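Down below is the structure, laid out as structure tokens.
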Amino acid sequence: MPRIFVFILFIFCANTLMGQHSEVVRSFIRQGDTIPHVWLEEVTVKGKMYGKAFYKRYDRHRARLEYNVRKVYPYARTAAAKVNEIERRLSTVKRETERKKIIKEEYSQLMKTFKAPLMKLSITQGRILIRLIYRETSHTSFSHIREYRGSVNAYFWQSIALIFGNNLKAAYDPLGEDAEIEEIVQKILAGE
């Protein structure tokens, strides 16, 4: 009986192996690996085209983003200029009391000038402003607050920002997440 079982298994395997066919394929050897070289037929890929509603919604999003960037970009440039000015003034000071006095003066001047307009910004505009400040200064808004106003103040404002869905530690990625913003900024810098 075991011989019959082995014979049936042999017949079954032989039929399976005979169903396969082999083909000689051109190949080349690269760094010790044999790589087959096969010509494939041309393939046409058809995708679903987006409708007019999609493009209309995208255009509306793009216009809103451009409006928001154009509105907050001057504030980001002003912030970068102020940071540079403060750094320049602080570099000449050696005593901590003088340093604190300069920071206090600059802070009160900034609050007089920019508190009202910045309070009128939307949450989205604030989010864009934080990213643009990073773009202009190469430091997060959180690090600026921590440096000039202290860690407690920085963590307080970070917690307030998180409540509103924002993040003062947000970086700027011109090739990734912030590519659209970077494109709009480049248009602004080009004078368009």
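The values are calculated or read from the model by the stated rules, or taken from the named source; none is laboratory data. The shown structure was predicted, so the numbers you read here are calculated from the model rather than taken from an experiment. Positions of Cβ are backbone-derived with ideal geometry, glycine not excepted, and every protein chain shown enters the neighbour counts.
One table, with the values for the structure above:
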| read-out | value |
| --- | --- |
| Criterion violated by Met49 - all others in (1) surrounded by 10 or more Cβ atoms within 10 Å (Cβ to Cβ); (2) not in a helix (DSSP H, G or I) satisfied | (1) |
| Residue in region 24-32 that is surrounded by 10 or more Cβ atoms within 10 Å (Cβ to Cβ), in contact with a Ser or Thr (Cβ under 9 Å, 6 or more places away or on another chain), over 30 Å from Ile188 (Cα atoms) and at pLDDT below 85 present | yes |
| Every pair of residues 6+ apart whose Cβ atoms lie under 6 Å, when the first sits in region 172-192 and is touching a residue at least 12 places away in the same chain (Cβ under 8 Å) and in a helix (DSSP H, G or I) while the second is among the acidic types (Asp, Glu) and surrounded by 14 or more Cβ atoms within 10 Å (Cβ to Cβ) | Ile184/Glu66 |
| Test: Glu98 is more than 28 Å from Gly126 (Cα to Cα) and either in contact with a strand residue (DSSP E or B) (Cβ under 9 Å, 6 or more places away or on another chain) or part of a helix (DSSP H, G or I) (or both) | yes |
| Answer residue from region 97-137, given it is closer than 25 Å to Ala171 by Cβ and acidic (Asp, Glu) and is surrounded by the most Cβ atoms within 10 Å (Cβ to Cβ) among those | Glu136 |
| Residue among Glu147, Glu180 that alone is over 22 Å from Arg70 (Cβ atoms), surrounded by 11 or more Cβ atoms within 10 Å (Cβ to Cβ) and among the acidic types (Asp, Glu) | Glu147 |
| Scan of region 158-174 for residues that are exposed (fewer than 14 other Cβ atoms within 10 Å of the Cβ) and not β-branched (Val, Ile, Thr), ordered by number | Ser159, Leu162, Phe164, Gly165 |
